[in-house]
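Step one of this worksheet: look at the structure below.
Read-outs throughout are calculated quantities, based only on the coordinates presented, and are distinct from any laboratory measurement. The model shown is predicted, which means the values in this text are computed figures rather than measured ones. Every residue, glycine as well, gets a Cβ built from its backbone with ideal geometry; the counts of neighbours run over all protein chains shown.
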Ligand SMILES: [Zn+2]
């Protein structure tokens, strides 16, 4: 990635750090696209002039829509705004967390993830998996029912399972054990749990001292442990970021607009390539040989020409590192770390 300062992360993690930024920027580019060309506006066609007037005068517009049988309109309105607000907040926490890690502030980096993957992601999963039920709770302001701390383990797992079923790429996601995703985020006694780390981080930051507990003593107490936690951070966060991207693009399709098969196939191949390469399932070049080489084409935003890159080129190396290259025609920089909506060209 361009001009990033990796000073406080050991060099062997730079590729992982770049990949965190890459996923973050993919998700942010989807968020940014939601607010272009009035996509956040929801059109309500009233059945009568009278309804339109009553709606204008109502104090709670959403409840009015629900009560007066504009159910689809109400769901679209609440869902779209909730999706946008939660995702915006989530992106901020993820960005701050990756930044903190880059500066060597590991406990800060981990605690910022709590909000993103403990709260925000669960709401996005719920909105995707059980839209009807969730939006009713939001519209009725039943915060007691949807506050994350009040959601039982069983319900959290059900929410995740329902969300995973709705994702594209079922060849990959149907193989996922939901319990693993749950444990990764919430299970206190699991070695894989972020919750366990978050709890430790909290104890440390509230009183500023290490407690007399053997378990707590190993938290960030020396350089080896610091490395252990950096390692831990990347392993968990990269999986969760990739998963988040898959959830976000389905919600985009539900609330913003449907995407063409070519847009989905194109982005999917580039983004999943990065993910699978990191987790050791593919050989880098071979995947883009033959038919798939067409996916190594990038559009210049400035002159709209297409630049096709070769797997053996420096440009491909730049793409792999999460940066970009220059347009052959107009010389503008082509950023490859973004979701590319082919329907916008
Ligand atoms: Zn150009």
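In whole angstrom, how far apart do the alpha carbon centroids of segment 11-51 and segment 262-330 sit?
Distance between centres, Cα-based: 22 Å.
Quick check: convex hull over the Cα atoms of the chain, volume per residue in Å³, rounded to an integer? Write down the numbers at each step before the final one.
On the way: hull volume 56.4 nm³, N = 345.
About 163 Å³ per residue, rounded to a whole number.
Two-decimal Rg/Rh of segment 261-345 from alpha-carbon positions, Kirkwood Rh? Walk me through the intermediate numbers first.
On the way: Rg = 12.5 Å, Rh = 13.3 Å.
Ratio of gyration radius to Kirkwood radius: 0.94.
Whole percent per 5 Å bin, from 0 to the bin with the longest distance: what is P(r) over all C-alpha pairs of segment 229-279?
Spelled out per bin, shortest first, that is 5, 17, 24, 22, 14, 10, 6, 3, 0.
With an 8 Å cut-off on Cα pairs and a minimum separation of 6 or more residues, tell me the relative contact order of the chain in percent.
Values: 364 pairs, mean separation 70.1, N = 345.
Rounded, it is 20 percent for the chain.
Calculate, in nm to one decimal, what residue 279 and residue 177 gain on full extension: separation in residues at 0.36 nm each, minus their alpha carbon distance. Let's see the in-between values first.
Values: separation 102, 0.36 × 102 = 36.72 nm, distance 1.70 nm.
Going from the current span to full extension adds 35.0 nm.
Need the full-extension length gain, residue 262 to residue 301, defined as separation in residues times 0.36 nm minus the C-alpha distance. One decimal, nm. Each step should come with its number before you reach the end.
Numbers: separation 39, 0.36 × 39 = 14.04 nm, distance 1.84 nm.
Full extension of this stretch gives 12.2 nm more.
Which value in nm describes the separation of the simple spin-label points at residue 345 and residue 330, placed 7 Å from the Cα toward the beta carbon?
Label-label distance for residue 345 and residue 330, simple model: 1.3 nm.
Between residue 41 and residue 88, what FRET efficiency follows from the Cβ-Cβ distance if R0 is 22 Å, with the result rounded to 0.05? If you can, show how the numbers build up before the last one.
Working: r = 17 Å, r/R0 = 0.77.
Computed FRET efficiency for residue 41 and residue 88 comes out at 0.85.
Could you calculate the contour length gain from residue 313 to residue 49, that is, 0.36 nm times the residue separation minus the distance between their Cα atoms, to one decimal place in nm?
On the way: separation 264, 0.36 × 264 = 95.04 nm, distance 6.25 nm.
So the extension gain works out to 88.8 nm.
Give me the log10 of I(q) over I(0) for segment 30-134 at q = 0.14, 0.15, 0.18, 0.22 Å⁻¹, as the Debye formula computes it from C-alpha points; what are the numbers?
Values, matching the q order: -0.69, -0.75, -0.92, -1.13.
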